[in-house]
1. Rounded to the nearest 500 deg cm²/dmol, what is the calculated helix-only ellipticity per residue at 222 nm for the chain, with -39500 (n - 2.57) per DSSP H run of length n ≥ 4?
2. Counting only Cα, what are the radius of gyration and maximum Cα-Cα distance Dmax of segment 62-202, in Å?
3. For helix 3-18, report the angle its Cα long axis makes with the longest principal axis of the Cα atoms of the chain; keep it between 0 and 90° and round to the nearest 10°.
4. Quickly rank 188-194, 226-232, 106-112, 30-36 as a protection proxy: mean count of other C-beta atoms within 10 Å, highest first.
5. Mean separation of Cα pairs under 8 Å and 6+ residues apart, divided by the residue count of segment 1-123: what relative contact order is that in percent?
6. Could you work out how far helix 86-101 tilts from the main Cα principal axis of the chain, as a 0 to 90 degree angle to the nearest 10?
7. State the volume of the convex hull built on the alpha-carbon positions of segment 1-70, expressed per residue in Å³ and rounded to an integer.
8. Please figure out what share of the DSSP beta bridges in segment 106-209 is antiparallel and state it in percent, rounded to the nearest 5.
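What follows draws every value from the coordinates through simple rules; no lab data is involved. These figures come from a predicted structure and were not determined experimentally. Neighbour counts run over all protein chains shown; Cβ positions are idealised from the backbone, glycine included.
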Ligand code: OAD
Ligand code: ZN
């Protein structure tokens, strides 16, 4: 994209956001790419050295829970080194701006990511559709420890780790293929999508459902769809504004313009 064309689209996106009351951002692995965390479907993607069925399905966990834990501890180590980038901080700033301006304005991040980087950047209104890698829970649903608890460990003495209450295996608090999404998070996300004036879709291929319904619900409910991605995605055909650029700098520039439109210094 030429620089003039990009600037025009950034201004168009910022105008939509500045004129909206309820705005959500729907994010995927692409927003964390510039923090050094590989995406799923790109080249160098995370699944390349592992088969999805082995490490990200309930069947894989049943068959070889140790391998699954090795995979997730490796991911924890990588994510522990990552810092939020310009894209994360821009979205956190947008939430702060909306809060400051008030008058019923609300901003939420709905993320498919499990890396916690939105929260680390300062976002408070974060809905996690696929869990959080820094939480663990007991795999026995009737155990009191089946409620997720914070777990910063990147190494365990024994793998797979066992629950100290019931002896079942502990598991990472992430959604695997074939598993339902956390019901509360999904309900909140769909409710917000149905009332949002605009959604900023960032760095997602938009092919994993039910999460990917979010931008479609916004569109069907009459809201605007702004998309930022380095390449076209499954969402691009419903986008009102598509900016084919990297997430970090683009979001930074959009938020700058939003501040100008809202007269915030
Ligand atoms: P994908 O890997 O499918 O897509 C990442 C998207 O980010 C691609 O469309 C890239 O073009 C784009 N991208 C890469 N770098 C970017 C950058 N610097 N700026 C902007 N865009 C960039 O990741 P997701 O869509 O998040 O689910 O994948 C969705 C779900 O599939 C994940 O949450 C995960 C996976 O299975 C579970 O684990 C349940
Ligand atoms: Zn237990």
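1. -11500 deg cm²/dmol, from helical runs alone.
2. Calculated on Cα positions, Rg and Dmax stand at 17.2, 53 Å.
3. Taking the Cα atoms of the chain, the angle to 3-18 is about 80 degrees.
4. Per-residue Cβ counts within 10 Å, averaged per peptide and sorted highest first, yield 106-112, 30-36, 226-232, 188-194.
5. Value for segment 1-123: 33 percent.
6. The answer is roughly 60 degrees.
7. Numbers: hull volume 10.0 nm³, N = 70.
That works out to 143 Å³ per residue.
8. For segment 106-209, the DSSP antiparallel bridge percentage is about 70.
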